[in-house]
Amino acid sequence: MSNYIDIGAVTDIPIRAARLVKTMHGCIAVFRTATDKVYALDDKCPHKGGPLSNGIQHDESITCPLHNWVFDLNTGMAKGADEGSVRTYDIKLDNGRILINSDAIARAEAAE
Amino acid sequence: MSQKLIIIGAGMASGRLIECLIDADPNAYDITLFNAEPRGNYNRIMLSPVLSGEKTYDDIITHSDEWYAENNVTTIFGEAVTLIDKVAKTVSSKSHTISYDKLVIATGSAPFIIPVAGKDLDGVMAYRDLDDVNNMLAASRKPNANAVVIGGGLLGLEAAAGLKEQGMNVTVLHIAGHLMDRQLDPAAGYLLKKSLEEKGITVHTEGFTKAILGEEEVEAVLLEDGTIYPADIVVMAAGIRPETRLANDAGLRVERGIVVNDAMETSEPDIYCVGECLEHNDQLYGLVAPLYDQAKVLAKTLLGEPAAFTPVEISTKLKVTGCDLFSAGDFLDGDDREEIVFRDAVRGVYKRLILQNNKIIGAVMYGDTADGAWFLQKIKSGEDISDIRDTLIFGPNFASGADADPLAAVAALPLDAEICGCNGVSKGDIMAAIDAGSNTLDAIKANTKASASCGTCSGLVGQVLQMSLGDEFVLPERETVCKCTDLSHDDVRKLIVAKGLKTIPAAMQELQWNTSCGCATCRPALNYYMVCAWPGEYMDDGQSRFINERVHANIQKDGTYSVVPRMWGGITTPDELRAIADAADKYNVPTVKVTGGQRIDLLGVEKEDLPAIWYDLNSAGMVSGQAYAKGLRTVKTCVGKTHCRFGTQDSTGLGIKIEKAMWGAWSPAKFKLAVSGCPRNCAESTCKDLGIICVDSGYQVLVGGAAGLDLLETELLAQVPTEEEAIELTQAFYQLYREGAQYLHRPYKWIAKVGLDWIKEQCVENLENRKALSDRFEYSQQFYRVDPWAERASKGVDAHEYTPLADFTKVAAE
Ligand code: SRM
Ligand SMILES: Cc1cc2nc3c(=O)[nH]c(=O)nc-3n(C[C@H](O)[C@H](O)[C@H](O)COP(=O)(O)OP(=O)(O)OC[C@H]3O[C@@H](n4cnc5c(N)ncnc54)[C@H](O)[C@@H]3O)c2cc1C
Ligand code: SF4
Ligand code: FES
């Protein structure tokens, strides 16, 4: 069974903002939407590595700060004409706490 | 012989359970009902009408003492069960220990009391049962008493409305950005807030309670942002938690709630559960409709019949008079989902449907919820709506071709609303001219002067024409801000001011945006228009800014940042240079570069190091150079008459004065200046947004240059005799540009649109207006001439940007 790790309160992330979870092998961006949903994606744009946590969020999409590719937070897929995808991680909210699947961190560690 | 059934908790769920059991087989069980409250089942959801005075307790009793007696239910009220002994099969309260064959736990929920200092003071209460309501009513009898409600969800808002009805001054604190964030999207939340405010309730969103103040009794509530609200009572409506203590102690399987299977059996034989205290398939339930279904299922289980609980979509309504809202299903966006949004700003109506694979999966409505049930039905049935999709949002009664009205925003303006600011022409004036026979834009221009000057209101004038003349008038095509709206930048700017719109959700609602929260194009534009229109009032929305303006540095291709401190007029000192050098060493800055703007750029700084490097630069007296801003950038200067043999005036000194007066200001696009000491023009004044060339007789103020994507020479705005006038004219020009240009247009583009002659009329010929513009700029500068670096380096603003939420690199390293 998978384990979840408590990484903070949903209110630690301002609305429509993102914060980082650092792992041994890269950063995961955790997004909070206007409707209080949370998403976790690699903080690395497949185009040229832009830090997605720094983009502008709208609805459930994020626009990369470097060259404006837009990704769906649900699937990590690029929208519109661009092609590519960002890895997403299992994350959920429980009573205002953000829980990330420990595999997310373990995977990043197993990656080497 | 009938079996002994004990039920713990006389709430909404167990009330229904008992009815179902007795209906099916009155003799199957010998029922004993415990309740912690000193009373039996009543309709908890009608507590709000009791609080507001519309109903009394007697009106909401569902099961009276007589009813229990007639149906042979033994009641033990006013006594909480404190122990379940699952081996001996008994339950105990203070004065009873009773054995059971079957046990039902129906303990409902406990209010969540947020763990802040002062939570135990007298006057802090929850909103859960009749006693709470009585306490609130008692408090409201004191004249002019203050109530603070923590929590802007369903419960909190009902409490707030009830307390307001009772004459209290009510403030609602809500941590999210909009009310009822679990049920509503931001647009509907905005409308709800608006109608509560119209009732006189104060709503503070993003209000984080820091402490409840008072000695013994509560006196006030202190928020993290320093706001203090006086309070005679504090109502905690911040959420509920399943009441699982008994089950926990008894060793039943409990996650968030008491875990049950489809038949409502807990992990323990002969122990069952129903209501808010249970968890089924990872799901909790907090509304009565599903609890009633659970009660039916459990009655069957208890009677030995197979039954399974299957949750269905439920909808929410708020029982506050005048706040008509409806929400059902899943209303979040997603890749495979589409939305249909309908807004009618005039009537304050907002409807949004979420579709997936041609089925409705969610609906949010505010203002007109008449069709709620119809949509809920469609969500439940999951029927394919492709055939009726075009007219779906208009509901079941859709007959004619009624369509969202693009002219609604203009129609809603009062007659005295100013449409043309340059010439002071109101909507009423334009309508009068139309009545008198003017039926084209040109005729209106000629007869009223509306849109005869800068022309940015021609879109609105056209809409007034269209509204009055209908199909006879065809609006010229124009560029909209983005796909989220049918309005142009000019229209949006004017309507924000005319309608007094002071938040982005307000603008999106009132201007009938057709997406729920905009996009990366319109949000930064709206944010700027608000910053410009409402200095000191508007709360800047960082999440609507591009990253550079959000973190006050320029993002680099590798995700690091560059840091450029101001160097006023290009002048620096050995101390500043030493501090820059020290900072470059300390933070391992890979590149130190002299920029084209006469200052020094530290490139390649890690985001996490930004506050620290700013702190060091601040300590040496330097502030942000705003090299990232759609705002005032640099003022380049040449050495001028202090040193140069050709210099006519103190160009360096003037440049520094201008930069010190104007730094920190935001504008539609970046704004760069230069001051040269003579026409040799060593500061390159003739290709700037505004350049000054000093001459013997004064100062030539030049505007509209470009040296980036386009190359353009400036044109003369005016020559003025004194430094003071040069500064005032510079500020007046900047303000005119700030108030008029569309987002991302540099001045030269704006000038091409409105014409230099018009600009001269505004700030050269009309001295009074020049002064007024410059005053407005000064007013705005009180709020924006603030170093954003210091705010972040020393005051902790936006700390979340620079620190990770969690760091597993250190843990794993051990
Ligand atoms: C640092 C600097 C180059 C340098 O090493 O000298 C620079 C660097 C950038 N310029 Fe520039 N510009 C710099 C002076 C200029 C100048 C010259 C000047 O200001 O005297 C110009 C031409 C004058 C003008 O503004 O018209 C200039 C015209 C541009 C343009 C084209 C603007 C236009 O409207 O045509 C852009 C693109 C834009 O803004 O959209 C741009 C954009 C940029 C950005 C911000 C690109 C970006 O969006 O990331 C560069 C950031 C680099 C970085 O990673 O930090 N930069 N840029 C100069 C900073 C000056 C300062 O001290 O603030
Ligand atoms: C003000 C208000 C307005 C609401 N409005 C709506 C609405 O409009 N629509 C809607 O669907 N829902 C509404 N709800 C929610 C709804 O009331 C609940 O979902 C429902 O009451 C839960 O039923 P329950 O039987 O699980 O628990 P409850 O009704 O809370 O009953 C549980 C009972 O168990 C008792 N108890 C707890 N522990 C023990 C113990 N150890 N021993 C003995 N007794 C114990 C409690 O005292 C309580 O009386 C509202 C709730 C409130 C408070
Ligand atoms: S000219 Fe400006 S925008 Fe282009 S690479 Fe150089 S710094 Fe970057
Ligand atoms: S790196 Fe993200 S769009 Fe280029």
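The values are calculated or read from the model by the stated rules, or taken from the named source; none is laboratory data. Just so it is clear, the structure is predicted and the values come from calculations on it, not from any experiment. A quick note on method: Cβ atoms are made from the backbone with ideal geometry, for glycine too, and the neighbour counts reach across all protein chains shown.
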Can you confirm whether region A:92-112 contains a residue that is over 12 Å from the mean Cα position of the chain (by Cα), facing chain B (nearest Cβ under 10 Å), at pLDDT below 90 and within 30 Å of residue B:514 (Cα to Cα)? no
Give all pairs with beta carbons closer than 8 Å in which a residue from region B:776-789 that is within 26 Å of residue B:801 (Cα to Cα) meets a residue that is surrounded by 22 or more Cβ atoms within 10 Å (Cβ to Cβ) and hydroxyl-bearing (Ser, Thr, Tyr); count only pairs at least 6 apart in sequence or on separate chains. B:787/B:624; B:788/B:624; B:789/B:624
Among the residues in region B:619-626, are any away from ligand 4 (no atom under 16 Å from the Cβ), farther than 10 Å from residue B:566 by Cα and crowded, with 17+ Cβ neighbours inside 10 Å? no
Out of curiosity, is residue B:702 closer than 30 Å to residue B:641 by Cα, surrounded by fewer than 20 Cβ atoms within 10 Å (Cβ to Cβ), modelled with pLDDT of 95 or more and not polar (S, T, N, Q)? no
Filtering region B:178-203 down to residues that are more than 10 Å from chain A (Cβ to nearest Cβ) and assigned to a loop (DSSP other than H, G, I, E, B), which residue is surrounded by the most Cβ atoms within 10 Å (Cβ to Cβ)? B:179
Please pick out the residue among B:287, B:302 that is buried (at least 17 other Cβ atoms within 10 Å of the Cβ) and either near ligand 2 (Cβ under 8 Å from one of its atoms) or of a type in the set (A, V, I, L, M, F, W, C) (or both). B:302
Taking only region B:793-809 into account, find how many residues are surrounded by 18 or more Cβ atoms within 10 Å (Cβ to Cβ) and more than 11 Å from every other protein chain (Cβ to nearest Cβ). 1
Hits in region A:56-91 - residues which are touching a helix residue (DSSP H, G or I) at 6+ places or on another chain (Cβ under 7 Å), within 12 Å of ligand 4 (Cβ to nearest atom) and at the interface with chain B (Cβ under 7 Å from one of its Cβ atoms): A:65
Please specify each residue of region B:45-79 satisfying the condition of being near ligand 2 (Cβ under 10 Å from one of its atoms), farther than 14 Å from residue B:134 by Cβ and at pLDDT 90 or above. B:76, B:77, B:78, B:79
For residue B:472: the one exception among (1) touching a residue at least 12 places away in the same chain (Cβ under 8 Å); (2) buried (at least 17 other Cβ atoms within 10 Å of the Cβ); (3) more than 15 Å from the chain's Cα centre (by Cα): (2)
Residue count, region B:694-714, condition on the phi < 0 side of the Ramachandran plot and within 16 Å of ligand 1 (Cβ to nearest atom), comes to 12
Of (1) in contact with a strand residue (DSSP E or B) (Cβ under 7 Å, 6 or more places away or on another chain); (2) within 14 Å of another protein chain (Cβ to nearest Cβ), residue B:531 satisfies every one except (2)
Of all the residues that make up region B:250-265, how many are within 18 Å of residue B:109 (Cβ to Cβ) and in a loop (DSSP other than H, G, I, E, B)? 5
Regarding region B:583-596, can at least one residue be identified that is modelled with pLDDT under 95 and within 15 Å of ligand 1 (Cβ to nearest atom)? yes
Need pairs with beta-carbon distance below 6 Å; first residue free of Cβ contacts under 8 Å to residues at least 40 places away in the same chain and within region B:683-707, second in a helix (DSSP H, G or I); sequence gap 6+ or separate chains. B:691/B:685; B:693/B:685; B:701/B:729; B:707/B:687
